[in-house]
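S.K.: Supplied in structure tokens, the structure appears directly below.
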Amino acid sequence: MFRLAPEREDYLIAELAECGTAGITEEDGGLRAFFDASSDSRSLLSRFAEFAPEVREEAPTDWAQVSRDAWPPLAVGQRFYLVPPWHLEEPTPPGRLRLEVSPGMACGTGRHPATQLCLQAIERYVQPGDCVLDVGTGSGILARAAALMGAKCVIACDIDPEAVRVARECCDSPLFVGSIDAIGPHWADIIVVNIDAAAIELLAPELERVRKPESILILSGFPAGEIPEGFTPEETLQQGGWLCLID
């Protein structure tokens, strides 16, 4: 059992998947991950020591199926329908856009309130023909959502090479390892940034350089008590104590 702050869940899920977990379930206050008896428990405890994991033996169970049952399809906002790969036969409800996302991906499973707020903002503000920049793309879920909304051009970036590798497996948009400083001035109609408040504050001058006049910033990834300074949002979305600023 891993007890952790909600903003760390996507990161931990991606790390556990890399270590070969047999399944992951969400529980009150944290995550439970399952490993085969043959796994090197000492190495796992060392790698995840920061989360102070609690260890116990379980009766033989199909933990992969338990994990699949714990991650059903999910409707987000008015338009999106998130579907994990083991529910590919699940039909998409009328009027919704299908986003296939694996809980074992890089950060960005679609289950975190900050990601869901970004998806809600994307469905409201991205228009056909827009140029959209996704900064800190993680699994690429927000870039794919913008493309589904009809954006003419979507570019995504992340400073984590592994995240970009994962995103490229399911995202048709151009992706690169790096940050917003590689983008030309006045390029973006919409910029989506789903990272922590401190990083957003550091990126503020580059966000201003890259956005077009009358463009929109979608900023999330922070709880209500950690709002990035230097922005004057026209709208604020909130869910589960997390915020999304529309600037």
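S.K.: How much length, in nm to one decimal, is gained on full extension between Leu45 and Glu58, taken as 0.36 nm per residue of separation minus their Cα-Cα distance?
M.R.: 3.0 nm
S.K.: In whole Hz and in residue order, list the ³J(HN,Hα) couplings for segment 178-188 that follow from phi through the Karplus curve 6.51 cos²θ - 1.76 cosθ + 1.60, θ = phi - 60°; x for Gly and Pro.
M.R.: Coupling constants for segment 178-188: x, 9, 5, 5, 8, 9, x, x, 6, 9, 9 Hz.
S.K.: Based solely on its DSSP helices, what 222 nm [θ] is calculated for the chain when runs of n ≥ 4 H residues each add -39,500 (n - 2.57) and the sum is averaged over all residues, nearest 500 deg cm²/dmol?
M.R.: Helices in the chain give a 222 nm mean residue ellipticity of -8000 deg cm²/dmol.
S.K.: Under 5 Å between amide hydrogens, which residues at least 5 positions from Phe222 or on another chain qualify, with H placed 1.01 Å from N in the peptide plane?
M.R.: Those qualifying (amide H under 5 Å, at least 5 residues apart or on another chain) are Leu243.
Computed from the coordinates by the stated procedures, all read-outs in this text should not be read as laboratory data. The structure displayed is predicted, hence computed values, not measured ones.
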